[in-house]
Structure formats: C-alpha cells, structure tokens
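These notes are about the structure you will find just below.
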Amino acid sequence: MANRASKSPSSILEVATLANVSTATVSRVLSGRRAKDDDIAQRVRKAAAELNYSVNYAASALRSDVTNTIGLVIPSATDSFSAGLLDALEPVVDSDSRQLLLGIGESEAMQVDRVESLCSRKVDGLIVVTSAGADLSEVFDRHADGIPIVQVGGRQRSFRTDMVSIDENTAMEAIIGHLADQGVESVAYLAGEEISFESAELFAMFHTQVRAAGLTTQSDWNRFGDCTVRRGFDCTIRLFGERGHPDAVVCADDTIAFGVMMALHALGMSVPEDIKVVGYNDSPIASATLPTMTSVRPPYDRIVSESLRLIEAGPGHPSHVSLPPELVVRVSSTRR
C-alpha cells in the first residue's frame, strides 16, 4: 500500500474495475448521490480505499460528461413491444440511481427530433426502438462518437452504433413446430405493417418454417396490416367467411390475435377446439383472454441488460447481439 500511495493517483476506471461496477456508479457512490448503502456501495468504497483513490479525485471525475441519465426513444408507449421494454428498463435504471428520459416519436422525423433532443441533454447512453421503415442512420452517425447508441430491433442501417435484435427465425420455428405438434395441418399468418423490416422478415420466415414442417398455407390467408384488434376481427370475418379455412392463425401481435379470437367467437367457432391462435409480444392481454393466449415473449430482461452493458462499454466499439425469444404456450393453441 505504501508503494501505491507514492505513485500517481489511481483512476476512476481502476476503482470501477476492482469493484466490478461502472465508472458512473463509482462517481455516484463517492459523491454521495447514491443513497443506497448496499453491497455495491461497500465494494466501491473498499476498492477506493485499497487503491488510495480519494474523494477529491472522484470530484474531479464528476466534472466530466456523466449525467446519470439514459435516453429511450420508442415509436409509441402503447404498442406491445415498446411498453414491455419500458416496463423492464425503468426499474433497472432507477435501481442504479439513474434517470430514464423518454422520447416518443411515431414517424422518422419525430424520432430524429427525439434523438437530437436527448443527445443535446448529454445522456450517458441512448436506446432506440425505430419506428416502422425509419432510417435513423444519419442522426446515429452524427452522435455515435460521443454517445453510445443501442438500436433495439428493426433493420440495422448504421454500423457505427450497437444493435440488440431478437432471433425472429427461432421465434417462428418455435410457433410452427408447436402447432405441428398439436396436429395442425394448415395455417394462416396475419403479419404487421408491410413497410416494417421486422414484418417482412417474419413473413418470409413463416413461409420457410411452414414448408419445413410439412404444413400448408394459402396466399389469400396471409396479409400485412395494422396491429389492431379491429384489423384482426375484420380479417377473420373475411377469412372464415370464404370457402375453406386454416386450422390455425398466427398473428404478428397480441392485439391482432385478440381480434381474431373475438371474431371466431362471433362466428360460433371455438378456440382452440376448432381453430388455434398464436399471438406475439406476450402483452398483458395474452394472459387475460378467455381462453388464455399462446404468445411469443421477447427477452425483455436480457434486452435491457445487454443494452446497458453496451452503453457502459462506451462509444466506438459497435456490437450486434441477437437474443432468442420464448414461446409461452397457453390454452389458445393446445389440444383439448
């Protein structure tokens, strides 16, 4: 310890490494802005003592650009995926004594404005769920050197920022494999917006997995459209009013699937006895329907942890992480 004291002062990064926390956490603990006296705080103080890192040096570090804020830009606060991500992210950010700044923009222009606004506030990192068809590469590239930016889902257009995506092929493989195991022979797919990269990707993967499982489908059964209850209801009335119908309907969102189930009930058909239904995003509606709805659950907790990990790594080291989702099997798709 005597030798350490005679050398130049340790850096905040050394303290963070020894305590296995972020530099922002070290700053908050040593400045007194982190009120919790938990294991994290104790590790930081112990590491600072071992490295002879004084509060004066911590105060110097606090004059940096650390603001203890994380920015989140989403297309809507009500769509299933954005709401699920927000619910998972906010308590994690709060538990680390940081603030979450939210920007909501449905169009590309609005999202560009929200990104610029949050970057002007010097957030420590930015997480962005792009709206359908939006290309934010220009604004991302403009700020990529100064702020770590993580895009969640969608089509990656900027390769100077981080990307966390969901393995959609795994999702569709799980859906079709499950339906095949339940005795389904034919299946329809109500996709999301045609201009969305995710919708187009899932649409292609649906056909691939249907062929691989030996099931059948018809082009008239598979259509793009809004992720709304009304759309699911109207499509189902039309689909099941025509000659011949599928054994199962797979939907790009739980709201569509709910509309499908409402329409089938109105037509006097039973779920899952007559028709099996699968949703996507495992929103609260999935467990509230009667019968309960099988749905794909995005790995929200892992998306959050990976996004924050990439933010802590800082800008200049772009990475792409792909995470598998989970098929949550409920009554709407099972044998009875």
Top of ASP282, ASP181, ASP38 by mean-square fluctuation, Gaussian network on the chain, Cα under 10 Å: ASP38
Separation in nanometres of the label points that stand 7 Å from Cα toward Cβ, at SER76 and ASP94: 2.5
For peptides 135-141, 289-295, sequence by mean Cβ density within 10 Å, most packed first: 289-295, 135-141
Length released on extending from ARG243 to THR334, taking residue separation times 0.36 nm less the Cα-Cα span: 30.3 nm
PHE159 versus GLU273: modelled label distance in nm, points set 7 Å from Cα along the beta carbon direction: 5.6
Candidates ALA288, ALA188, ALA252, ranked by Gaussian network fluctuation over the chain, Cα under 10 Å, top entry: ALA288
Candidates LEU100, LEU308, LEU18: whichever shows maximal mean-square fluctuation once the chain is modelled as a Gaussian network with Cα springs under 10 Å: LEU18
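Please figure out what share of the DSSP beta bridges in the chain is antiparallel and state it in percent, rounded to the nearest 5.
Details: 3 of 35 bridges.
In the chain, approximately 10 percent of DSSP beta bridges are antiparallel ones.
Shape verdict for the stretch 187-305, please, from the Cα gyration tensor: rounded (a/c under 1.5), prolate (a/b greater than b/c) or oblate.
Note, shape of the stretch 187-305 comes out oblate.
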Whether the stretch 159-256 is rounded, prolate or oblate, judged on the alpha carbon gyration tensor where a/c under 1.5 counts as rounded: oblate
Zone of HIS265's modelled label, taken as backbone nitrogen in the stretch 303-336 under 17 Å from a point 7 Å along Cα→Cβ: 331-333
Anisotropy class of the chain from Cα gyration tensor, a/c 1.5 cut: prolate
Difference of contour (0.36 nm per residue) and Cα-Cα distance, ALA288 to ASP38: 86.2 nm
Segment SER120-ALA204, extension gain: residue separation times 0.36 nm, minus the distance between their alpha carbons: 26.3 nm
FRET efficiency, 1/(1 + (r/R0)^6) with R0 41 Å, evaluated for ASP145 and ALA83 via beta carbons: 0.80
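No lab work stands behind these numbers, since they all come straight from the coordinates. The shown structure was predicted, so the numbers you read here are calculated from the model rather than taken from an experiment. Quick reminder, even Gly has a Cβ in these numbers, built from the backbone with ideal geometry, and neighbours come from all protein chains shown.
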